[in-house]
Structures are given as structure tokens and as C-alpha cells.
There are 2 protein chains.
Amino acid sequence: MSGPCVIGLDFGTSSARAIVARVADGAIIASATFDYPGGTAGVITSATDANLARQHPGDYLAAIDALLGEVACRAAASIDIGNIVGIGVDATASTPIPVDARLRPLALDAAFAGDPDALAHLWKDHTAHAEAGRITAELTASAPAHLARCGMTYSSEWFWSKILRVARTNRRVAQAAATWVEQSDYIPAVLAGLGDAAAMPRNVCAAGHKALYAADLGGYPPANVLERLHPDLAGVRESCAVPAVTSTTPIGTLAAPLAARSGLGPHVVIAAGGIDAHLGAIGSGVRAGSMVKIMGTSTCDILIAEAGSSPDIPGVCGVVDGSVVPGYLGIEAGQSAVGDLFDWFVRHVARVGPEAATIAQAHEQFSREAARLAPGASGLVALDWNNGNRCVLVDPLLSGVLIGQNLHTTAAEIYRALIEATAFGARTIIDRLAEQGTALDTIIVCGGIAEKNALAMQIYADAIGRPMHVAESSQACALGAAICAAVAAGAHPDMPAAIAAMTRPPSRVVVPDPAATRVYDELFAVYSALHDAFGRGQSAVDLRTAMKQLIAISRHARTAGMPG
Amino acid sequence: MSGPCVIGLDFGTSSARAIVARVADGAIIASATFDYPGGTAGVITSATDANLARQHPGDYLAAIDALLGEVACRAAASIDIGNIVGIGVDATASTPIPVDARLRPLALDAAFAGDPDALAHLWKDHTAHAEAGRITAELTASAPAHLARCGMTYSSEWFWSKILRVARTNRRVAQAAATWVEQSDYIPAVLAGLGDAAAMPRNVCAAGHKALYAADLGGYPPANVLERLHPDLAGVRESCAVPAVTSTTPIGTLAAPLAARSGLGPHVVIAAGGIDAHLGAIGSGVRAGSMVKIMGTSTCDILIAEAGSSPDIPGVCGVVDGSVVPGYLGIEAGQSAVGDLFDWFVRHVARVGPEAATIAQAHEQFSREAARLAPGASGLVALDWNNGNRCVLVDPLLSGVLIGQNLHTTAAEIYRALIEATAFGARTIIDRLAEQGTALDTIIVCGGIAEKNALAMQIYADAIGRPMHVAESSQACALGAAICAAVAAGAHPDMPAAIAAMTRPPSRVVVPDPAATRVYDELFAVYSALHDAFGRGQSAVDLRTAMKQLIAISRHARTAGMPG
């Protein structure tokens, strides 16, 4: 009755989710979630190094087991689970895991218990900032064509930086690792029961955006260049000899033990994985000319452009052929702290009062208070760099800024200023893409912030001066993974056909208020001055007038009255 | 048995205090406090203008009545109150009050009920910033010698700015005012029962530091200069025809109705008033070569220098002959938000959690947590400008800055950064005084922050790199007022003799930790870069390195371990 169905597995920062979606129309038949048991909200941190963020691969195995069983059981209430034909996976990136020759993570070996370098190096880990600098310098000199694909600056969040860091500082882990695999490759490999690191296919989405893989340039950066950075890197390159594949590529079928435990059949096709944001864009109906913003703890911006347009956009994280939709260039930009920034303020600065028993209630309370404020009235401007700047400065060693506070400034005003700061960060990226000639007619937003934070979406629309199209699915990433599975299993002929069938255009649009946009234009000028002064050190920026401008904007906003 | 005694009345921002002190040795026989009933913690503010801060003069009358009666009653338990020979007064400044010809504040007239301009314009009111700019411009052109006495920039906090503001914007109040009197003149006048605005003596402390009165330059700025700013100002100058007097000058005896109600005799001599900070310096034993820091909601720095030294120090608030100790130049500098800054953070940003039931408990909790942090470990630097910058930039249209925050930054780290910011502000003033050749061998601290905030005092010692001598008396201002009363009543021959008899040298010294000072030297370099970039717009300041320096300092501080 239901026809063929597919499973999408979405591995996020704090939890993993599964959906069963109908191939015919993308309808979601069942879903399940799993919170990682390790660390704090799934993330293992360090008291002495704020840059460290790791995860235990055992949490991924637990999630796979729990989610397959649970979502299959729930789906069985309305469909014959024998109709499930494929599983697709999205995961965070770059989250490389050191593994042995049989693809077993070192962290699962008792000999490496307690060594954080044996864990998965989570996307937001910035310990490798010095290594990122070395890689940028080396590639600028000897492989600029590769480096241009990631905006000419390699990030501390990415594959080679993290591996180089361990190569330089932890020989025991470095030598025990047969190779390093991205989380988005590891999980499909587990699902398919692969056990040979050397023969394992890597998805071009993660390989391209995080490891500088470019088929037209001969794959990864040249071996001699990696060798100069560290011999280990050349070894890892050699271990990745199999050409990278798109996320719609079948890599095998469900491993027998998992099939048995979940009740799913062993015929189920496993698709190569992809990065959560990129597959989220697919689940949100990405097309040429649209930007999909996946807004959660951080934000990833995904666009696709006709193959043949320039693949090099300075300050934008990555441009990779086929990383999103086969046949198109996939473009990734992003901001390293969005929901994380609001959450930081509520959890760590504005301690929750007795009237808000939970963090969620505190967010609601601040949002209510912040919604009553007129744009510009607080006189505050913040920079959204508490977790560094991913685009367009690509510099993890930046930090937050708040200016304009007086003795009456309230917590809700700061909360609003932080939301505005992330909107201005988004506007900076959009401006850069426009300068570089990327066509952009529609902004589609999805993810937790887009779904639940009406205040943030209005501020984004107002501060950017464009409508925000809120994607239908609250499970865009998992749906994108499911779409990849549908193509991999042959249930749709190609991805554009699968997207057309399985996604719906956004029905909700948040429209900018022109009066608010006029005020935000003024605040954005101050934001840009701070951005350039702290991020670029441009001596042409005179900050002497910044505070006076903010005071003038605030006076005008307060006397002009509150918004309707 | 007790010998002669004197009363010191201290009118602060939120409350007033009274002491009865023994003339022989300054021992405090009795004390009383009175919280102003008006506004919020005594201050009337505006929802639409963060610059507005007013007080109701009726609160002062209520305080006089309550405090005289209460302190006399308490003293009577141990002395014969007939031995009380004088009353001295200190008050905030510049806090001008519009009065009618009989010295009755307009605010007490029902016709002006609800008009904030008829109230006392509290020292920290910054509504007159535009007027301060006009006055600075006019005096730079036509009375530079006067302007040099206040560091070449006239403040929005001061007498003529506030009067000019009302002259320009509220003709009804401006025309009803026969003259404007400082709070420190009004209260002694009430005590002495004076009823003729034209004949009223003004204290040189407030007149000099806030209204540019300089006996050697012919008193107030020339009438034609004031006339050009506004005819009303020339009129106010004319109403202040009586030469200004030192705070040790007797201006009358206690008015009969007050004498009757309090039980004090009508023979009690009333001394001319003085500014709270300046009389606080007296009560703290000020001498040539010492700086007295009166640290409360704001900080005033008071020094005295041999007459004949240069009276002009750019960026320092005021240099006035005889304003503190007759025969010496009185030098005033200061910071417009200190305790207010810490209180802002606790009240408005870090909302008090259930574990801290009161604001005071929240301060204690943050202080405990902040004390456990090593200097530099947070990677934060703040500017202490939430209420503008009084010295050395003299610019009320500046605002707060916080930089260096990441996603792990805690409220206690910000709390500590704000304390450090005020210490760096203090260091900036000390550096300016040293550059200008002012001898400064000892820093004496007094006031609420000095008495109660051990963490702040250690941070000040470490960040400035000098010992902090904590003054004995927690009632330094009131004791200074009492010392003035003792001289006015003839119980001591002059102020140095009275200071020698009635004050004790500080017994507690907070010593800097050289290791902490080394870290603070690095943080101060970042503070100074921000100070110059936002305060002076110096294009030579490159802020691109600021965040990286803070991250490096933080890493080093965290790996070096916590302080013993």
C-alpha cells in the first residue's frame, strides 16, 4: 500500500535521528531520536582547552542500533517494513575518526581508553588552528588550485588539520591509525558491514569540502605536498585510493547482524553518506539560485551552481563538484556559532532565574522580551565570533565582541543583539557571494532555529532585507539522506527527480519590514566596521564614531516608539 | 567627658549618612543612615532617555530631618549632645537644583510637579552632552584659561551644561529659577536657615571643580562668554556674586526649627559644604603625594599639590585652589561607573539565580567564583565605559565594550573582567598624572568598594602594580565633613591640624603580586589599544591582533595553573 520506503539517518552534534520516508512523496511514516550518552550533550570537552570538542564513536554504534530498531518498529505499525529499500546517512563534518585496518575506531580499543586523540574529532574542535595555518601556507605555495576551492584558507575544523595535529603531538595514536575516516563514511560502512579500510569508498561531499578532494585536480592535494607537511599525511592519502563517490552511490547492503536485530531485510541498499548540511539542503528542495541555510547550533549555507561557473570564491568554505546534486557545483559557506551563541548566553551568562525552570523556558522568556524591543533601540552591536569566524574571514582565533552597553542595558537586549549579530554574519556571506557573481534569488531556512525561533527569523528577514522561506520539513537533513537512499536503491532515476517528488516548496515566508531594514542597514555599517577592524585590522576603519552612531540610532529608535 | 564633638552629614547617590565624631581624635560616637524614598534607589530615571538621572530635593529635606534627630538621639546615649559644636556637609556634585529667590527648590512647588527639569540634576545625568560640547567649543575659543582647569573638556555632568540644557529646552523652569544651587550648597543653607538666594555663599570645592570658578581668573568664566552661550547663564553668574568659600568656612548656625526638632542647640556652627569625594579624601587623611580613591557607584580620585605647581592637566577633571585643603591645589579625576558597573551586570545581565536570594548574595557568589580565576585566564578584556568616560577622554557618549568571549565564557569571568576594566581605567588616570609630573607615592582607597570588595582591591593592586592602602574609616566622607565642621567651629586651628588629630593612617595594605602584574601588563596593552581605537579613533591602532593576544594570554594563564 505504501509503496517503497527509505530510511534517513541524521547524525547531529548532540543526538541522532531516523526517519522512514515514502519514496513516492517523501511523507514521513515514522521517526525516532537518540541522545548521545557521552560527554555533555554528546560532546567531550576539556577544562584546560576551550578548543577541544570530541565524541566517542561508541555513541554512534549505540545510535545505529537503537534507531534502526526503534524506527523500524514504529514504521511497522503502518507499513510492511519489507518495503524499506534503502538507508541514507548524513553526519557532521569534518569529524574524522582514527581507525585500524579493519575500520575499527581506536577509541573502541581499551589500549586507547582515556586518550582524547583516539576519539572522533568533532567538527567544532579547533585544537588544530596552528596546523591549519601551516597547511594554508604550504598549499598557498605548492597547491593553490586545491586551496582556492575552499576560499584560500584551510580551516582548523577540517580533516587534514586534525590529522596533522595528531601526527605532530600524539605519535601513539598517529601510528596506530591505519587511516582516518569521516563520520559520514564510518556510519554507512558500519551499516554495510565493511571491514577493509583500504577498500572503503569515501563520499565526495565530505572528501571535497573538508579534505580538498577535487576530481578535476587529481583528487586530494598531491602526495609530495602532504609529505612535506608530515609523512603521515601522505600515508593517509594513500589509504584513500578509492575514488570518492556521490551520496547517491550504493556502497553495499545492510549487514546481516544489523538486519537481524532491526527486522529490516539484508537486501536494504546502503547509500554513501554525506554532510548533514548538504543533505539538509537536498531535503529542503535545493535548486540553482536558492541558498539553503541549515540553522542549528551553527549554520551551514548550501547552494548549487551550474557546472562550469567559477569554482573559487574567496572566504567561502568550499566549492565541490557533485557534493550536493550530481552534475552541479556544491557551494558551502557557514557560521560557526548560531544557536550555540544564544545558548551560551542563556546558560553561562544570564543565569536562569527562578521564573524559568529550564533552559528552554529561559530562551522563551528572553525571546518574548527581545521581541518587544525595536530594532536599534538597545544601542548594542555584537560580533558573532564566540566560536571563531568560518566565513568570510576563515579564522578560528577570533572571539566575541559586544559594544554599546550602558548601565541600563538588559539581558534581553544582549540576547537580541546576539541574534542580530548572527543575522549580520549571514548578510556578510550573502554580500560576498553576490560580489562574486553567484546567483541567489531565494533563501530557504531549515533546522531548529528556523523551525522554532520566530523572533530570529524576523530579525534575519529584516537585517538581511530578504524574505526567509521556512522549509516544511523539520527533518530536512534526514529527508535528504532518505532521498539519497531512494536514488541509490534505484527508486528514483536521479536526484532532481527525487527532490521534485519527495520535497515540498516552503509554505511559510517571513517577510522583511522595510522600516526595520532601514535601521538594520545603519547597524550593519557598525557591524562591518567592527568586523573589518578586528578581523582584518584595516587601518582605514575609524572606530571613534562607532559608539556615537549606536547612541544616535538608539535615541532615534526609542523616540520613534515601539514596533506595532 | 567627651569634649567637643561635630556632626558630619554625607549625602550620597542612594542614601545619606550622619556621624557624630569627637573633635579630639575623630572617634565616631554615633551614626545613622537614611535611604532616599524617591525613584529607584533614590534616583529618578527615564524609560526613553538612558542619560537622565534626577533626584527629588524633598528627599534631602527628609534626610536632614531624620538624620539630625536620629544621630543626636543615639549620641545622647554616650555624650552630652550640648557638646556638639558644628555640622559639616558633603554631597554629590555636580548636582544643581533650580531654586526661587528664597532658595526654595522649584520641585517643591506644586506648579512644577512632574517636570523632571525642576528636580535636582544628579551628578550622573548626561542629558546635557550636546551642551557640554557647545561650552567646550566656546570656552576653547574665548576662555581657555578657565577650561584648562578642567582638562580642556567641559563635562555633561557639570553645572553650566545642565543649566544650559534647561535654558534651551525648558523655558518654564529656566525662567522660574532665580538661580541654581549645588546640592552641597543647598543642604548647608537649609541647615543654617538661609533664605536669600542672592546672598548665599557657594563652596569653592563645587564651584571650582564643576562651575569653573577660579579666584585667580576672576571667578566664574566671564559674563560675556556665558552670555554668548545663553543669556540665562550670565544671569546665573550674576546670582552667584558672593565670592566662593572653602569648606571650613562657617556660614551660620543651626536654624531654630531644626535645632528644636533635633535637640541640638542653635549655637551649632554650620560649615560651608563640599563635594563628597573631596571631603572623603580629607576623612581619609589626604596629604601631598597621596591619591585618595573614593570608590563607590563611581570613583573619584582626589590629590592635593603644593600651590604653585601647574594647575592644568589635560583629561583630568579639575584643579582648584583650596578645594580640598586650603592653601593647596585640589586635583580631581575619576571614573563614572565602578560599583555601578558591577551592579549593572548582576542586576540586569546575569539574572540572580535561586541560589542567591539577594543582589548582595549574587555579588558575593560572583566574587567567590571570580576570585578562583587566574589573571588573564578568561581571555576577556572590557572597557569600563557603560556610563561614559570621565577621565582621561572626558566623553559621555562612549559605551561599554567586551571582547574575547567564547562559547565557554562564564558570568563570573565577565564579572572579573569588569572589575579589571575599572582597574585599567584607574591605571590610565595614574599614568596620565605621572606623565604630567604630579607626585604620587601612595594610593589610599576608601568607600564601599574599598571596604567590602577584597577581590577588587587585589585586582587593583595587581593591575596597577602598586599597593592599595585601605582607609580605616568606612565613613571617610562623613568624617571629612565633620573635620570641616571642627575647623569652622574653631575647635581646630586649621585643616592639616584637624586631619592629623581626627584621622588615622590606613592600617590595611593590599600588596600587588608581581606575577599577576606581569599578566595584567599584557592585558593592559589590549585595554589601551581598545581605549585608543574607540575613544580616540587612532588609526595607528591595529585591532587585528587583539583577539589573538587575548587567546595567547588565556592559554598561558590556564596552563600555568591557578593562583595559590
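The values are calculated or read from the model by the stated rules, or taken from the named source; none is laboratory data. Only a predicted model underlies this, so the values are computations on that prediction, with no experimental measurement involved. All Cβ positions, even for glycine, are placed from backbone atoms using ideal geometry, and neighbour counts span all protein chains on display. Side chains are part of the model used for accessible areas, which takes the heavy atoms of the whole protein and leaves out ligands, DNA and RNA. Shrake-Rupley method; radii C 1.70, N 1.55, O 1.52, S 1.80 Å.
Can you tell which of A:A120, A:A113 is away from chain B (no Cβ under 14 Å) and out of contact with any Ser or Thr (no Cβ under 7 Å at 6 or more places or on another chain)? Explain how you work it out, then say what you get.
Details: A:A120 fails: out of contact with any Ser or Thr (no Cβ under 7 Å at 6 or more places or on another chain).
Selected residue: A:A113, the only one of A:A120, A:A113 that is away from chain B (no Cβ under 14 Å) and out of contact with any Ser or Thr (no Cβ under 7 Å at 6 or more places or on another chain).
Here is the figure for segment A:364-388: residues that are over 24 Å from B:H531 (Cα atoms) and within 25 Å of the chain's Cα centre (by Cα) total 3. Within the set B:D321, B:D343, the sole residue that is more than 27 Å from B:F424 (Cβ to Cβ) and touching a residue at least 12 places away in the same chain (Cβ under 8 Å) turns out to be B:D321. Of the helices (runs of 4 or more DSSP H) entirely within segment A:411-515, those holding at least 3 residues that are among the acidic types (D, E) and at negative phi occupy A:411-435.
Here A:A260 meets the list (1) loosely packed, with under 14 Cβ neighbours inside 10 Å; (2) more than 27 Å from A:R149 (Cα to Cα); (3) touching a Gly at 6+ places or on another chain (Cβ under 8 Å) almost entirely, failing just condition (3).
Is it the case, given these coordinates, that A:I87 is over 24 Å from the mean Cα position of the chain (by Cα) and of a type in the set (A, V, I, L, M)?
Values: over 24 Å from the mean Cα position of the chain (by Cα): no; of a type in the set (A, V, I, L, M): yes.
It is false that A:I87 is over 24 Å from the mean Cα position of the chain (by Cα) and of a type in the set (A, V, I, L, M).
Selection within segment A:350-363: residues that are open to solvent by less than 30 Å² (accessible area, probe 1.4 Å) and over 26 Å from A:A516 (Cβ atoms). The member of this set that is modelled with the highest pLDDT is A:A356. If the condition is being open to solvent by 10 Å² or more (accessible area, probe 1.4 Å) and over 16 Å from A:S184 (Cα atoms), then segment A:469-487 contributes A:H469, A:E472, A:S473, A:S474, A:Q475, A:V487.
Table: residues versus (1) in a helix (DSSP H, G or I); (2) crowded, with 24+ Cβ neighbours inside 10 Å; (3) within 14 Å of chain B (Cβ to nearest Cβ).
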| residue | (1), (2), (3) |
| --- | --- |
| A:V286 | no, yes, no |
| A:D312 | no, no, no |
| A:V320 | no, yes, no |
| A:Q365 | yes, no, yes |
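Out of A:A174, A:A215, A:A197, one residue alone is closer than 14 Å to A:L233 by Cβ and either of a type in the set (G, A, S) or without any contact (Cβ under 8 Å) to a residue 24 or more places away in the chain (or both). It is A:A174.
Of all the residues in segment A:367-394, those that are away from chain B (no Cβ under 13 Å) and closer than 23 Å to A:E451 by Cα number 5.
Listed here are the residues, each with its yes/no results for (1) among the small types (G, A, S); (2) open to solvent by less than 10 Å² (accessible area, probe 1.4 Å); (3) in contact with a helix residue (DSSP H, G or I) (Cβ under 7 Å, 6 or more places away or on another chain); (4) modelled with pLDDT under 95.
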| site | (1), (2), (3), (4) |
| --- | --- |
| B:A21 | yes, yes, yes, no |
| B:A32 | yes, yes, yes, no |
| B:L67 | no, yes, no, no |
| B:A76 | yes, no, no, no |
| B:G88 | yes, yes, yes, no |
| B:A91 | yes, yes, yes, no |
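Is segment A:180-198 home to any residue that is part of a helix (DSSP H, G or I), under 14 Å from A:D90 (Cα atoms) and polar (S, T, N, Q)? Yes - at least one qualifying residue is present in segment A:180-198. For segment A:496-514, the condition holds for no residue, the condition being that it is within 14 Å of another protein chain (Cβ to nearest Cβ), in contact with a Gly (Cβ under 6 Å, 6 or more places away or on another chain) and either at pLDDT 95 or above or under 30 Å from A:P396 (Cβ atoms) (or both). I want to confirm something. Restricting to segment A:31-54 and keeping residues that are under 18 Å from the mean Cα position of the chain (by Cα) and among the small types (G, A, S), which single residue is nearest to the other protein chains (Cβ to nearest Cβ)? Checked segment A:31-54; the qualifying residue nearest to the other protein chains (Cβ to nearest Cβ) is A:A53.
Applying the criterion of being farther than 19 Å from A:A546 by Cα and polar (S, T, N, Q) to the residues of segment A:371-388, the residue that is surrounded by the fewest Cβ atoms within 10 Å (Cβ to Cβ) is A:N386. Beta carbons closer than 9 Å, at least 6 apart along the sequence or on distinct chains, pair a first residue in segment B:1-20 that is within 12 Å of B:L68 (Cα to Cα) with a second that is acidic (D, E) and surrounded by fewer than 20 Cβ atoms within 10 Å (Cβ to Cβ) for B:A16/B:D35; B:A18/B:E70. Which ones in segment B:221-238 are closer than 18 Å to B:T153 by Cβ and either open to solvent by 10 Å² or more (accessible area, probe 1.4 Å) or modelled with pLDDT under 95 (or both)? Result: B:L229, single match. Taken together, the criteria exclude B:A357 from residues that are in contact with a helix residue (DSSP H, G or I) (Cβ under 7 Å, 6 or more places away or on another chain), more than 8 Å from chain A (Cβ to nearest Cβ) and more than 15 Å from A:H348 (Cβ to Cβ).
For beta carbons closer than 8 Å, sequence separation of 6+ or different chains, a first residue in segment A:358-373 that is of a type in the set (D, E, K, R) and a second that is open to solvent by 50 Å² or more (accessible area, probe 1.4 Å) and modelled with pLDDT under 90, the qualifying pairs are A:R372/A:M562.
Within segment B:322-342, restricting attention to residues that are more than 13 Å from B:H278 (Cα to Cα) and in a loop (DSSP other than H, G, I, E, B), the residue that is nearest to the other protein chains (Cβ to nearest Cβ) is B:A337.
Here is the figure for segment B:389-433: residues that are polar (S, T, N, Q), in contact (Cβ under 8 Å) with a residue 60 or more places away in the chain and open to solvent by less than 10 Å² (accessible area, probe 1.4 Å) total 1. Among the residues examined, B:A546 qualifies as within 11 Å of another protein chain (Cβ to nearest Cβ) and either surrounded by fewer than 17 Cβ atoms within 10 Å (Cβ to Cβ) or not hydroxyl-bearing (S, T, Y) (or both).
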